[in-house]
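K.L.:
Starting off with a structure, shown below.
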Amino acid sequence: MGGEADCHPIPEELKCVLCGLPIKTDSMGWHLGHNALPVKAGRACDDCQITVILPARLDMIVGKVEGEQ
């Protein structure tokens with residue numbers, strides 16, 4: 001069953017779908033960044049995760065909670 005890991009090759013250097021900068025490898029060796037949803041499909045860098053994606057996710061949660069009251 002060889003070759004299964006190669007069915008979806010990962011580019012040498014991933015770029016953030018939001019800012020276009022390269023996604024850096026973290027201290028644990030993870031090099032795929034963050035899920036950029038709900039802002040955009042693809043992978044995101046650490047900075048965009050903190051400044052764009054997490055606030056968007058929190059806005060979605062707060063909007064749902066406010067709508068339930």
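Please treat every number below as a calculation from the coordinates, not as lab data. A quick note: this is a predicted structure, and the numbers were derived from the prediction, not measured. Cβ coordinates were reconstructed from backbone atoms using ideal geometry, including for glycine residues, and neighbour counts include every protein chain displayed.
K.L.:
Taking θ as phi - 60°, what are the ³J(HN,Hα) couplings along segment 50-55 by the Karplus curve (6.51, -1.76, 1.60), each to the nearest whole Hz, with x for Gly and Pro?
P.N.:
6, 8, 10, 6, 4, x
K.L.:
Rank by packing, highest mean first: peptides 57-64, 28-35, 44-51, 16-23, with packing defined as the count of other Cβ atoms within 10 Å averaged across residues.
P.N.:
Packing order, densest peptide first, comes out as 44-51, 16-23, 28-35, 57-64.
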